[in-house]
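Undergrad: There's a structure below that I have some questions on.
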Amino acid sequence: MKYRTRLLVFSLVVASLVLASSCSALGILSGQPKDKWQQLVEQENEKIGLKPLKLEPYAKEVGGELQEPRYEKFAVNSSFMVAGSVKKTSGMKSKHVWIEIRKLGGDESPGEKKFSYYTPLKDGSFRQRVQLFAGKGEYQVTVRMPSEATEGYYHDFARFQVVNVNPKLKRDIGWTPAGLEAGLKLTRPKTGYLRADGIVVLEGSIANSYGSPYIMVVLQKGSEKWQRVVRLKDGRFEVKIPLYYGKGTHELKVMVPIPDRENYYQEGASLLVNNTSAERREPIKFYKQYEERGVNLEHPVAGGGKASMKYRIAGSIDPQAPDASRTTHLIVQTKKDGEEATYFIPVNNYRFDGEFWLRFGPGEYEVTVNVPEITDERRDYFRFYSVAEFTVINTAQEDMRYLLPSRGIQSDAPEIKELAERLTAGKKSDRSKAKAIYDFVAKNITYDVQKYRNDEFALDDSALKTLKQRKGVCQDYSFLAIALLRSIGMEARFVEGIADGVRHAWVEVKVDGRWLTMDPTWGSGYLNANGWFVKRYTPKYFDPSPAEFRKTHTRTGVMY
């Protein structure tokens with residue numbers, strides 16, 4: 001016993017000398033003060049009374065050893081190292097060691113009370129720098145080793161407690177085995193906890209997407225949740241994510257594809273974003289076609305925005321996306337209280353930046369952004385695919401549904417307004433102005449029989465196109481007449497219906513408080529027995545007798 005006691009004393013002296021030599025190298029013995037955090041660590045460890053760590057029974061089964069840490073409870077400044085080895089790994093069902101950290105006590109939300117590392121087990125060894133994710137306090141750490149019997153199951157290897165003396169919040173990105181297997185990496189952000197003012201940029205790459213062209217991102221705060229798929233470009237992704245749910249911590253997850261399961265995703269990485277902005281914003285709903293067609297909506301970044309009568313939409317289309325070069329327009333549809341309107345936003349050099357009108361008075365509008373189906377088939381209708389949906393609040397009090405521009409009706413175009421003013425110069429009454437516009441359209445536009453027969457309708461059909469080409473079918477006559485009327489402040493609307501058994505369109509204009517009917521298409525001429533258009537102007541279809549008009553025309557509705 002005396003020999004052992006002397007040996008112990010000698011060992012302690014040697015250890016003290018080694019420590020003194022090490023501290024001297026750090027400048028502690030040269031007059032420089034100790035780091036305050038190190039002082040706190042030493043003080044806390046004195047209170048704790050360090051005791052050797054005992055491993056769990058499974059560690060013995062697999063020939064395990066833990067080099068770091070060595071105590072069942074100890075204090076640190078923010079982080080520490082876990083390192084060890086196992087001899088029996090051949091039958092293990094996973095390549096990772098699971099290190100789970102739980103914050104003890106406190107009032108953090110469940111997502112902020114635990115964190116996991118999945119550390120590679122290489123040649124029987126593992127090593128992981130562990131960051132205590134929730135600042136000052138006490139943590140329970142459990143090191144778990146993969147099961148030799150069941151895939152996805154782990155056995156406790158070691159359990160210990162750690163006291164963090166540093167209150168600063170530092171958090172690593174939380175990687176899952178699925179994320180590690182997929183080779184998921186993040187270049188922005190590089191930390192698992194950050195502050196942001198209303199928006200965060202997520203940028204990274206994935207080495208193995210299992211054939212899927214997408215990843216998914218999920219944003220959550222409490223019970224509120226938003227998600228969208230993000231298109232990969234050469235294995236990379238970049239996306240701006242608004243922090244929709246106001247001030248406080250949002251959890252952001254990057255989801256990776258599940259092998260052999262199309263459109264299914266599992267968590268690959270997670271991080272926390274503390275939003276310093278108190279503004280709550282309404283999430284934009286993105287559809288699958290948003291990523292498939294390469295649409296990038298730069299404005300708006302969130303729904304619920306306010307505007308006075310008109311609203312801007314801007315962004316780009318990925319030139320490498322399918323049909324990008326043939327996507328010449330986006331189609332914006334607005335809906336309020338059952339009323340709908342459609343607007344076309346041109347795409348030039350893969351960019352779009354335009355405005356659409358909020359024509360149905362004050363209140364909330366549901367806005368849907370669409371891309372056209374790309375087809376070479378000739379037909380008299382268009383098919384759209386929704387890419388995004390959001391809301392806009394119109395603060396203007398006026399209801400101007402029959403005065404503002406709409407799809408194909410560019411009543412704000414300078415050449416339209418100039419022509420209308422010239423045609424109606426000197427006219428005193430609204431009726432005479434409407435008649436002058438009817439006369440111009442009926443006399444100067446020729447019916448395009450070939451377009452009608454071949455269903456050669458196009459997205460850019462409009463008042464301006466009709467004015468330039470001086471030909472068209474019933475919708476084109478109506479587009480031009482309505483645009484001219486609206487440009488001089490006369491309420492006018494596009495009427496859909498049936499005439500002589502076929503689909504037809506004409507115009508209604510408000511004159512002296514009543515809706516006056518005019519059909520400039522039928523006023524311009526007629527089709528003869530051979531099916532050819534005979535140009536012959538008639539005033540008969542300007543304000544016709546309602547009874548006579550109903551004999552040939554059946555009104556089915558209004559397309560604003």
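The values are calculated or read from the model by the stated rules, or taken from the named source; none is laboratory data. Quick caveat: nothing in here was measured; it's all calculated off a predicted structure. Methodologically, a virtual Cβ is constructed for each residue, glycine included, from the backbone with ideal geometry; neighbour enumeration extends over all protein chains shown.
Undergrad: Looking only at segment 186-209, how many residues end up being of a type outside the set (S, T, N, Q) and either surrounded by 19 or more Cβ atoms within 10 Å (Cβ to Cβ) or part of a loop (DSSP other than H, G, I, E, B) (or both)?
TA: Residues of segment 186-209 of a type outside the set (S, T, N, Q): 186, 188-190, 192-204, 206-207.
With either surrounded by 19 or more Cβ atoms within 10 Å (Cβ to Cβ) or part of a loop (DSSP other than H, G, I, E, B) (or both) added as a condition, the list becomes 186, 189-190, 192-193, 197-198, 200, 202, 204, 206-207.
Here the count works out to 12.
Undergrad: Yes or no: ARG231 outside the structural domain of ALA314 (by TED's automatic domain parsing), within 18 Å of the chain's Cα centre (by Cα) and surrounded by 19 or more Cβ atoms within 10 Å (Cβ to Cβ)? I'd like the intermediate steps shown before the answer.
TA: Values: outside the structural domain of ALA314 (by TED's automatic domain parsing): yes; within 18 Å of the chain's Cα centre (by Cα): yes; surrounded by 19 or more Cβ atoms within 10 Å (Cβ to Cβ): yes.
It is true that ARG231 is outside the structural domain of ALA314 (by TED's automatic domain parsing), within 18 Å of the chain's Cα centre (by Cα) and surrounded by 19 or more Cβ atoms within 10 Å (Cβ to Cβ).
Undergrad: Another one. Every residue in segment 485-510 that is of a type in the set (A, V, I, L, M) and either at pLDDT below 95 or over 23 Å from GLU339 (Cβ atoms) (or both), please.
TA: Passing the criteria: ILE488, ALA499, VAL502.
Undergrad: Looking at (1) touching a residue at least 60 places away in the same chain (Cβ under 8 Å); (2) surrounded by fewer than 15 Cβ atoms within 10 Å (Cβ to Cβ); (3) in contact with an Asp or Glu (Cβ under 8 Å, 6 or more places away or on another chain), find the lone condition where ARG312 falls short.
TA: All conditions are met except number (1).
Undergrad: Looking at segment 239-255, I want the residues that are in contact (Cβ under 8 Å) with a residue 60 or more places away in the chain and have a partner that is of a type in the set (Ser, Thr, Tyr) with Cβ atoms under 7 Å, at least 6 apart or on another chain. Which pairs are those?
TA: What qualifies is GLU251/SER270.
Undergrad: Just one of (1) crowded, with 17+ Cβ neighbours inside 10 Å; (2) at positive phi trips up GLY338, so point out which.
TA: Result: GLY338 fails condition (1) only.
Undergrad: Determine whether GLU415 is more than 18 Å from PHE494 (Cα to Cα), under 42 Å from the mean Cα position of the chain (by Cα) and touching a residue at least 12 places away in the same chain (Cβ under 8 Å).
TA: Here the answer is yes, as GLU415 does meet what is asked.
Undergrad: Follow-up. Within segment 81-88, is there a residue that is in contact with a Leu (Cβ under 6 Å, 6 or more places away or on another chain) and either closer than 22 Å to ARG129 by Cα or among the aliphatic types (A, V, I, L, M) (or both)?
TA: Within segment 81-88, one or more residues are in contact with a Leu (Cβ under 6 Å, 6 or more places away or on another chain) and either closer than 22 Å to ARG129 by Cα or among the aliphatic types (A, V, I, L, M) (or both).
Undergrad: Checking the condition of a type in the set (A, V, I, L, M, F, W, C) and over 23 Å from THR466 (Cα atoms), which residue from VAL495, VAL511, VAL507 passes?
TA: Exactly one of VAL495, VAL511, VAL507 is of a type in the set (A, V, I, L, M, F, W, C) and over 23 Å from THR466 (Cα atoms), namely VAL511.
Undergrad: Which of the residues spanning segment 149-184 are farther than 15 Å from GLN131 by Cβ, crowded, with 16+ Cβ neighbours inside 10 Å, among the charged types (D, E, K, R) and under 38 Å from the mean Cα position of the chain (by Cα)?
TA: Listed by number, the list holds a single entry, GLU181.
Undergrad: Here is a further query. Out of (1) without any contact (Cβ under 8 Å) to a residue 60 or more places away in the chain; (2) under 29 Å from TRP37 (Cα atoms); (3) assigned to a loop (DSSP other than H, G, I, E, B), the odd one out for GLN67 is which?
TA: Of (1) without any contact (Cβ under 8 Å) to a residue 60 or more places away in the chain; (2) under 29 Å from TRP37 (Cα atoms); (3) assigned to a loop (DSSP other than H, G, I, E, B), only one is false for GLN67: (3).
Undergrad: Considering segment 170-205 alone, what residues qualify as being among the hydrophobic types (A, V, I, L, M, F, W, C) and free of Cβ contacts under 8 Å to residues at least 60 places away in the same chain?
TA: VAL201, LEU202
Undergrad: Can you say whether PRO346 is surrounded by fewer than 17 Cβ atoms within 10 Å (Cβ to Cβ), part of a strand (DSSP E or B) and free of Cβ contacts under 8 Å to residues at least 40 places away in the same chain, as far as the supplied structure shows?
TA: Yes.
Undergrad: Give just the number: which of (1) exposed (fewer than 13 other Cβ atoms within 10 Å of the Cβ); (2) over 17 Å from GLN475 (Cβ atoms) does THR556 not satisfy?
TA: It fails just one condition, (2).
Undergrad: Now, a different point. Looking at segment 370-380, is at least one residue buried (at least 16 other Cβ atoms within 10 Å of the Cβ) and touching a residue at least 60 places away in the same chain (Cβ under 8 Å)? Give the derivation first.
TA: Applying the first criterion (buried (at least 16 other Cβ atoms within 10 Å of the Cβ)) to segment 370-380 yields 370-372.
Now drop any that are not touching a residue at least 60 places away in the same chain (Cβ under 8 Å), which leaves 371-372.
Taking every residue of segment 370-380 in turn, at least one turns out to be buried (at least 16 other Cβ atoms within 10 Å of the Cβ) and touching a residue at least 60 places away in the same chain (Cβ under 8 Å).
Undergrad: Mind checking which helices (runs of 4 or more DSSP H) fall wholly inside segment 444-560 and carry at least 2 residues that are touching a residue at least 24 places away in the same chain (Cβ under 8 Å) and over 43 Å from the mean Cα position of the chain (by Cα)?
TA: On the way: elements: 449-454, 463-469, 474-487, 520-524, 546-552.
Here the list reads 520-524, 546-552.
Undergrad: Where in segment 210-267 are there strands (runs of 3 or more DSSP E), lying wholly inside it, with at least 2 residues that are at pLDDT 95 or above, out of contact with any Asp or Glu (no Cβ under 6 Å at 6 or more places or on another chain) and within 15 Å of ALA178 (Cβ to Cβ)?
TA: 214-221, 248-257
Let's see how each residue does on (1) buried (at least 18 other Cβ atoms within 10 Å of the Cβ); (2) modelled with pLDDT of 95 or more; (3) of a type in the set (Phe, Trp, Tyr):
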| residue | (1), (2), (3) |
| --- | --- |
| ASP353 | no, yes, no |
| PHE356 | yes, yes, yes |
| PHE384 | no, no, yes |
| ALA388 | yes, yes, no |
| ALA413 | no, yes, no |
| THR424 | yes, yes, no |
| LYS428 | no, no, no |
| LYS433 | yes, yes, no |
| ILE437 | yes, yes, no |
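Undergrad: ALA436: free of Cβ contacts under 8 Å to residues at least 24 places away in the same chain and assigned by TED's automatic domain parsing to the domain that holds ASP476, yes or no? Steps first, answer last, please.
TA: Working: free of Cβ contacts under 8 Å to residues at least 24 places away in the same chain: yes; assigned by TED's automatic domain parsing to the domain that holds ASP476: yes.
For ALA436, the condition - free of Cβ contacts under 8 Å to residues at least 24 places away in the same chain and assigned by TED's automatic domain parsing to the domain that holds ASP476 - is met.
Undergrad: Among the residues in segment 397-409, are any closer than 30 Å to PRO322 by Cβ, outside the structural domain of VAL295 (by TED's automatic domain parsing) and part of a loop (DSSP other than H, G, I, E, B)?
TA: Looking for residues that are closer than 30 Å to PRO322 by Cβ, outside the structural domain of VAL295 (by TED's automatic domain parsing) and part of a loop (DSSP other than H, G, I, E, B), one finds at least one in segment 397-409, hence yes.
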